[in-house]
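Asker: Structure in structure tokens, see below.
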Amino acid sequence: MKKLFIILSVLGASFSLAAQTHFHEFSPKGKCDGPFTYSVAVPEGNWKVTVVLGAKKQAGSTVVRAESSRLMLEAVPTKKGEFVTKEFVLNRRDPEFGSDYVRLKKDVAEKMNWDDSLNFEFTGDAPCVKSISVEPASAITVFLFGDSTVCDYDGEPYASWGQMIPAFFGPEVAFANYAETGETTNSCISSKRFAKGLSQVKAGDYVFLEFGHNDEKQTRPGAGAWYYYSTNLKIMIDQIKAKGAHPVLLTPTQRRRWKDGALTESHGDFPEAMRVVASRESCPLIDLTRMTSAMYVAMGEKGSEALLTHLSAGSMPSLAKDLKDNTHFSPFGAYQTAKCVVQGIIENVQGLSIYIKEGWQKFNPSEPDSPQDFKWHTRPQNTYQKPRGN
């Protein structure tokens, strides 16, 4: 895939430091010569992105992803000679805040989520793009904190619900995904990741917290569901509420573990501890443990492999041996889990649900979509290094 990086002073791009706006026309007739990427340096904050998709001389089908493979627009079809305008809001962040900074591991610091640009990827069956404009935006921001089942991934085959969910919301909402692989409530606080996110939170925003996979492995004194885990959730909730924002708790996604033909619970007391904290603190709860469990059971022991990262050797470039991961999602599983979250928002977070795009159909985790009906345009960046945590 060709990679296109636009320097602001060349190729006709115009950028006003005073107005902080940017516009670039790829082609008056629509650029249609295959997938490509585009980057523009902007300050930290929320940015309204307007793309004009289509082409004068051919039909198109364009998918738009941004930053670390965040799905912003699903396939947008355009007829020959047709141009369609789409808008969304994209969040960009820096590691620094005040005199402090987020403690990022080297591989995390290299993710596109943390660079100084907004990064776009145009792909699909026939990507056709006429122009893009970027301008400062005022939007409700949904902050995501959690582990590898939530975070954005630069490469495949791993995926998460956090990088899929923006596609379900209109341009009134921006998603700021602060989740990272291996994260616990403790490390989210100690690394200053939570403090950084909180520094950007404003009244009326939403802060989603999904932890448990890695907290449950801790063995130090005080570890466990009912002390450090519950206490850290309480600390986060109090600080979110102090900002005038809305905390939302999500129980950890279930692992795909089967024994004697039955799905087994792997999280111990952690989901129940989160339910108790949510009730005590009057926080909305989305029970992803139960919802993802229902999906696995509905698809069966073998069929549910499609939801997780199960690949045969040679099915992707340079994959030398079978990959069997029962914690981390495939793109299909991530998309289905995002639908669980959206349904949970509809049922429990009504103030946010009004911004879901038109056309949403009620999702029942016990009746998941067929993997054969799911189409995903694979990115050329592949990583077979297992995410931190399990």
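Asker: Taking 4 °C and 1.567 mPa s as the conditions, I'd like the Stokes-Einstein D for the stretch 168-232 in µm²/s, using the Kirkwood hydrodynamic radius from alpha carbon pairs.
Answerer: Translational diffusion coefficient: 96 µm²/s.
Asker: Scale the Cα Rg of the stretch 270-342 by the rule-of-thumb value 2.2 N^0.38 Å and send over the ratio, two decimals.
Answerer: 1.40
Asker: Report the Cα-based extents of the chain along its three principal axes, largest first, to the nearest Å.
Answerer: Cα spread of the chain along its principal axes, largest to smallest: 61, 48, 38 Å.
Asker: Tell me which lysines have Cα within less than 18 Å of K386's Cα, excluding those fewer than 8 residues away on the same chain?
Answerer: K105, K106, K111, K217, K321, K324
Asker: Let me ask something else about it. With a 1.4 Å probe and every protein chain kept in, tell me what percent of the accessible surface of the chain is carbon plus sulfur.
Answerer: Heavy-atom surface of the chain belonging to carbon and sulfur, 1.4 Å probe: 51 percent.
Asker: OK, next. Using only Cα atoms, figure out Rg for the stretch 122-255 and give it as a multiple of 2.2 N^0.38 Å.
Answerer: The reported ratio for this selection is 1.18.
Asker: Find the relative contact order for the stretch 243-390 and round it to a whole percent, using C-alpha pairs within less than 8 Å whose residues are 6+ positions apart. All intermediate terms of the calculation are to be shown ahead of the outcome.
Answerer: Details: 172 pairs, mean separation 33.0, N = 148.
Rounded, it is 22 percent for the stretch 243-390.
Asker: So if I take the alpha carbon set of the stretch 30-93, get Rg, then get Rh from the Kirkwood formula, what is the Rg over Rh ratio? Don't skip to the answer; put the middle values down first.
Answerer: Values: Rg = 12.8 Å, Rh = 12.8 Å.
Across the stretch 30-93, the Cα-based Rg/Rh ratio is 0.99.
Asker: Can you list, largest first and rounded to whole Å, the semi-axes you get for the stretch 93-167 by taking the square root of 5 times each eigenvalue of its Cα gyration tensor?
Answerer: Numbers: eigenvalues 115, 68, 39 Å².
Semi-axes (√(5λ), whole Å): 24, 18, 14.
Asker: Enumerate cysteines in the chain without a disulfide-compatible partner, where compatibility requires another Cys Cβ under 4.7 angstrom.
Answerer: C151, C188, C283, C340
Asker: In debye, nearest 20, what is the charge dipole magnitude of the stretch 144-285 about its Cα centre with +1 on Lys and Arg Cβ and -1 on Asp and Glu Cβ, if you could check? Please list the in-between numbers first.
Answerer: Details: 15 positive and 17 negative charges, 76 e Å.
That gives a dipole near 360 debye.
Asker: Compute the signed sum of charges (Lys and Arg +1, Asp and Glu -1) over the other residues within less than 9 Å, Cβ to Cβ, of M112.
Answerer: Charge balance near M112 sits at -4.
Asker: Quick check for you: with a 1.4 Å probe and neighbouring chains kept, what is the accessible area per residue of the stretch 160-280, in Å²?
Answerer: On the way: 4140 Å² over 121 residues.
Using a 1.4 Å probe on heavy atoms only, each residue of the stretch 160-280 averages 34 Å².
Asker: How compact is the stretch 213-311 by the rule of thumb for globular proteins, expressed as Cα Rg over 2.2 N^0.38 Å?
Answerer: 1.23
Asker: Continuing with this model, one more query. Report the equivalent ellipsoid semi-axes for the stretch 66-129 in whole Å, largest first, defined as the square roots of five times the eigenvalues of the gyration tensor built from alpha carbon atoms.
Answerer: So the three semi-axes of the stretch 66-129 are 33, 12, 7 Å.
Asker: Give the lysines reachable from K130 as a straight Cα distance under 26 Å; neighbours fewer than 8 places away on the same chain don't count.
Answerer: Straight-distance partners of K130: K2, K3, K29, K31, K48, K56, K57, K79, K80, K86, K357, K375.
The values are calculated or read from the model by the stated rules, or taken from the named source; none is laboratory data. Every value quoted in this text rests on a predicted model; they were computed, and no experiment measured them. Every residue, glycine as well, gets a Cβ built from its backbone with ideal geometry; the counts of neighbours run over all protein chains shown. Accessible surface is based on the protein model in full, side chains and every heavy atom, while ligands, DNA and RNA are left aside. Shrake-Rupley method; radii C 1.70, N 1.55, O 1.52, S 1.80 Å.
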